[in-house]
Amino acid sequence: MQKTPLHESHLKAKAKMGEFAGYDMPLFYEGGVMEEHLWTRTKAGVFDVSHMGQIILEGPEAMALLHTITPSSFVKTPPMMAKYTVLTNKDGGIIDDLIVTKITDTKFFAVINAGCKEKDISWIDENLPDSVEMKRLDDRGLIALQGPAAEKVLHEVLYLDILQLKYMRMVQIDDLYISRLGYTGEDGFEISLPAEHAPTFWERLCEHGDVQPIGLAARDSLRLEMGYCLYGHDIDDTTSPVEADLAWVIGKDADEFIGSKRILDELENGASRKRVGVMLTDKGVAREGAKILSSEGYEIGVLTSGGFSPSLQKSIGQGYVPPLYAEEGTEVLLEVRGRQIKAEISKLPFLPAKVKTATSKKAG
Amino acid sequence: MGAKKYTKDHEWISVDGDIGVVGISDHAKDALGDLVYLDLPEKGKVVSKGDEFAVVESVKAASEIYAPASGEIVEVNESLADEMDNLGNDEGKGWIVKIKLSDASEIDNLLDEAAYQNYLND
């Protein structure tokens, strides 16, 4: 199993470790999932996300490449601005979801999912124009600091000048790439840094009274409350961005990107299924794989994520249903171990995002 | 009541006559973490040793509870649904079901207290 540069720090903190995407990762620390989740919503949690892939695409045709492999447009994106987008395949399915930051018109930084790293890189390589170089930043770690105290902590601990940094923007300070975004719906940052500096950086953050390390289990419950997709579960090679309710990533004039035929057709005529939020209105917990039934008991879909929401103290999930059932408030049933639990279609996110902006749409 | 006997899946059973009282160990409860829901069986359900008869949902995951012996479930501790913290070694509060045993000898090869503690320490 692979290890991140922070592996030793997790063991020292007595994390319960487990395998994720080929890495030995912290699932939770001593406080447990519930406490870590609520801590992140009220203070600041620090997450090791060094297992994710970091790449640079650089060259005269780097932007043209992104306009081919994603449905997004980067033409009007200002320098140092990040965008959530997807890599699409020829059938309009999603190869991966990722954050792409435009450094300049000819240089882009992308963060891709750990489990998709090799697949993404060979896909990009297949489509790479001669003038563009793809560089893997395998020698860098990635640390997320998330929560209402994140700004204060980063400022106090590292004296970093990030108070002016806006949502979905990146700043480079020495060899740190600091982006104001995340996967929790809270204000926060993702900091890319040389692997050898990661443990010291991590430990300094953890020494702050408002900071606790947070494992992958709470990372999952935090993102689920925000209705963010988990690749391989809520989206995959078969789901299109329109089905996944990610049509907002598609650029206004996008036309010639890979998979555009299906995606633009669905954009115009609608897709046969849509990703929705589901909230249980009766007791129980429904997890990935639970069948979604209409109130009359017909199978209409399946949950792609599900679990207990520590913030709402209710069970929530997301899954795909035909448009007829996708409206907020529609009553459905979830089948769990042969039992049917009452639920309803819910708006996403389940909680309002508290990211630092008035104008942003969604984080990645 | 007889002394508790344990399965390697961390259920305990204590037998009085032909009735076995069944729960899960403190160790199992602690390992599950934050408990959020308990899926209890219906009274009258007939189970075989090793059958899943209840499920504990924690924030982390769903964990099955298996019957340590065969028989008919004659009583269910419904109060646990609202007081999941009572789960564990405390037989008075933490029992989950009472099973009318069809073969009391089935519990002979379960672990006794000392053997269970050794098993946990291994």
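The values are calculated or read from the model by the stated rules, or taken from the named source; none is laboratory data. For clarity, every value in this text was computed on a predicted model and none was experimentally measured. Cβ sites come from the backbone with ideal geometry, for glycine too, and all protein chains shown count toward neighbours.
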**Study point:** For A:Lys166: the one exception among (1) surrounded by fewer than 16 Cβ atoms within 10 Å (Cβ to Cβ); (2) under 21 Å from A:Met52 (Cα atoms)
**Key:** (2)
Check your understanding: Do we find that A:Arg273 is of a type in the set (Lys, Arg) and either touching a Cys at 6+ places or on another chain (Cβ under 9 Å) or more than 17 Å from A:Asp245 (Cα to Cα) (or both) in this structure?
Key -> no
Exercise for review: Tell me, yes or no, whether segment A:150-160 has at least one residue that is under 24 Å from A:Gly232 (Cα atoms), buried (at least 19 other Cβ atoms within 10 Å of the Cβ) and modelled with pLDDT of 95 or more.
Suggested key: no
**Study point:** Residues (in a loop (DSSP other than H, G, I, E, B) and over 30 Å from A:Lys314 (Cβ atoms)) located in segment A:243-269
**Key:** A:Ile250, A:Gly251, A:Lys252, A:Asp253, A:Ala254, A:Asp255, A:Glu256, A:Phe257, A:Ile258, A:Gly259
Revision key, fill the gap. Only one of B:Ile96, B:Ile65, B:Ile73 is within 14 Å of another protein chain (Cβ to nearest Cβ) and at pLDDT 95 or above, namely B:Ile65
Review point. Quick one: is B:Glu72 part of a strand (DSSP E or B), closer than 29 Å to A:Met34 by Cα and among the charged types (D, E, K, R)?
Key: no
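Condition check ((1) in contact (Cβ under 8 Å) with a residue 12 or more places away in the chain; (2) surrounded by fewer than 15 Cβ atoms within 10 Å (Cβ to Cβ); (3) within 14 Å of chain B (Cβ to nearest Cβ)) across all residues:
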{"position": "A:Glu256", "(1), (2), (3)": "yes, yes, no"}
{"position": "A:Ile292", "(1), (2), (3)": "yes, no, no"}
{"position": "A:Leu312", "(1), (2), (3)": "yes, yes, yes"}
{"position": "A:Ile316", "(1), (2), (3)": "yes, no, yes"}
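Quick grid of which residues meet (1) more than 30 Å from A:Glu190 (Cα to Cα); (2) in contact with a His (Cβ under 9 Å, 6 or more places away or on another chain); (3) surrounded by fewer than 18 Cβ atoms within 10 Å (Cβ to Cβ):
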| site | (1), (2), (3) |
| --- | --- |
| A:Leu324 | yes, no, yes |
| A:Glu328 | yes, no, yes |
| A:Val332 | yes, no, no |
| A:Val336 | yes, no, no |
| A:Ile341 | yes, no, no |
| A:Lys347 | no, no, yes |
| A:Pro352 | no, no, yes |
| A:Val355 | no, no, no |
**Study point:** Which numbered condition A:Gly209 fails, given (1) in a loop (DSSP other than H, G, I, E, B); (2) out of contact with any strand residue (DSSP E or B) (no Cβ under 6 Å at 6 or more places or on another chain); (3) surrounded by 23 or more Cβ atoms within 10 Å (Cβ to Cβ)
**Key:** (3)
Review point. Yes or no: B:Asp85 within 11 Å of chain A (Cβ to nearest Cβ), more than 13 Å from the chain's Cα centre (by Cα) and not in a loop (DSSP other than H, G, I, E, B)?
Key: no
Exercise for review: Return the only residue of A:Glu288, A:Glu296 being outside any strand (DSSP E or B), within 13 Å of chain B (Cβ to nearest Cβ) and of a type in the set (Asp, Glu).
Suggested key: A:Glu288
Review point. What number of residues within segment B:21-37 satisfy the criterion of being more than 10 Å from chain A (Cβ to nearest Cβ), surrounded by fewer than 18 Cβ atoms within 10 Å (Cβ to Cβ) and small (Gly, Ala, Ser)?
Key: 0
Check your understanding: Among the residues of segment A:348-358, is any in a loop (DSSP other than H, G, I, E, B) and over 30 Å from A:Lys83 (Cβ atoms)?
Key -> no
Review point. Given segment A:10-128, what strands (runs of 3 or more DSSP E) lie entirely inside it while holding 2 or more residues that are touching a residue at least 12 places away in the same chain (Cβ under 8 Å) and of a type in the set (A, V, I, L, M)?
Key: A:23-28, A:44-48, A:53-58, A:81-88, A:94-104, A:107-112
Practice item. May I ask you to verify whether A:Ala217 is touching a Lys or Arg at 6+ places or on another chain (Cβ under 6 Å), under 27 Å from A:Ala353 (Cβ atoms) and within 14 Å of another protein chain (Cβ to nearest Cβ)? Key: yes
Review point. For segment A:22-47, how many residues meet the condition of being at positive phi and surrounded by fewer than 18 Cβ atoms within 10 Å (Cβ to Cβ)?
Key: 1
Review point. Restricting segment B:38-53 to residues that are touching a Phe, Trp or Tyr at 6+ places or on another chain (Cβ under 9 Å), assigned to a strand (DSSP E or B) and surrounded by 18 or more Cβ atoms within 10 Å (Cβ to Cβ), which is farthest from the other protein chains (Cβ to nearest Cβ)?
Key: B:Val47
